[in-house]
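Step one of this worksheet: look at the structure below.
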Ligand code: SF4
């Protein structure tokens, strides 16, 4: 009986500690690589000034992830998730062909 109570208490403490740290694990988004096939397809560059302007003529100077409507961070956030890339993080100074100016 004493043993069951002890196991219950230990189990509860482990559960609480796990719950306290799980959110950090769940939101640790992966950084988008420029060589990721979906990034290549949309011409993503971590530095918008390096965009291939011949291949992606839609790009205009001043367009960056930080002022795109898909960017999940504020304008001053260095990196943030982008739903076009399954929530992987992109650079605020980056750009891809899915760019839509934030309203
Ligand atoms: Fe950046 Fe917008 Fe392209 Fe996402 S959709 S990578 S925020 S330009």
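No value in this document is a laboratory result; all are computed from the given coordinates. As the structure is a prediction and not an experimental result, all values here were calculated from the model. As a convention, Cβ positions derive from the backbone with ideal geometry for all residues, glycine included, and neighbour counts pool all protein chains shown.
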Next on the checklist: Quick check: pseudo-label points 7 Å beyond the Cα along Cα→Cβ at residue 101 and residue 60, how many nm apart are they?
Outcome noted: 0.5 nm
Checklist entry - What number in nm² do you get for segment 27-91 if you take the convex hull of its Cα atoms and divide its surface by four? => result 4.3 nm²
